[in-house]
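The values are calculated or read from the model by the stated rules, or taken from the named source; none is laboratory data. For clarity, every value in this text was computed on a predicted model and none was experimentally measured. Counting neighbours? That spans all protein chains shown, and the Cβs are built from the backbone with ideal geometry, glycine included. With ligands, DNA and RNA removed, areas are computed over all heavy atoms of the protein, side chains included. Shrake-Rupley method; radii C 1.70, N 1.55, O 1.52, S 1.80 Å.
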Amino acid sequence: MASTIRCKLITPEASLLDDEVTYASVPLWDGLIGMTHGGSPLVAKLGMGELRLDFPNMGEAKGGSRFYYIEEGFMKFTDNELTILASEALPAENLIEADCAAELRAAETRGVPSDASDKLAEMDRITKARNAARS
């Protein structure tokens with residue numbers, strides 16, 4: 001198929017996807033980027049957020065989109081092949097809204113303990129947890 005790209009989504013635990021897509025919206029550390037057929041080669045650092053993959057209509061398959069929550073890692077796009085190496089990737093359908101809301105509430109109440117040996121590192125860890133819960 002000339003208008004698709006090969007997309008691979010890989011975590012340390014598993015290869016989650018290896019399929020043809022027509023479009024990918026990837027959260028980078030500094031914003032979203034859209035990838036389509038014929039794009040320029042790119043290597044980039046991932047951020048955290050929603051990965052959207054649009055699938056082509058092929059035979060009886062009606063295409064559509066699939067969403068993942070991804071966090072940290074790198075992506076590479078070359079020769080119409082997108083490889084996403086993420087430290088974490090969860091299919092959106094596996095996320096439960098009540099659990100996500102509880103995680104956000106817990107993350108927002110965390111503070112740096114007064115006895116923390118490295119307060120800056122602890123604040124960075126808390127900020128990352130809050131951002132992950134918001135995504």
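Hey, what did segment 1-41 get for relative contact order, percent, Cα under 8 Å, at least 6 apart?
In percent, rounded to a whole number, it is 35.
In segment 1-71, what percent of the accessible surface is made up of carbon and sulfur (1.4 Å probe, ligands and nucleic acids excluded)?
Here carbon and sulfur together make up 51 percent of the probe-accessible area.
What spacing in nm lies between the two simple spin-label points modelled at residue 72 and residue 16, each 7 Å away from Cα in the Cβ direction?
Placing both labels 7 Å along Cα→Cβ, they lie 1.5 nm apart.
Solvent-accessible area per residue for segment 5-91 at a 1.4 Å probe radius, Å²?
53
Need the full-extension length gain, residue 65 to residue 125, defined as separation in residues times 0.36 nm minus the C-alpha distance. One decimal, nm.
Length gained, residue 65 through residue 125: 18.4 nm.
Is any residue of segment 24-63 close enough, with backbone N under 11 Å, to a label point placed 7 angstrom from the Cα of residue 88 along the Cα-Cβ axis, and if so, which?
48-49
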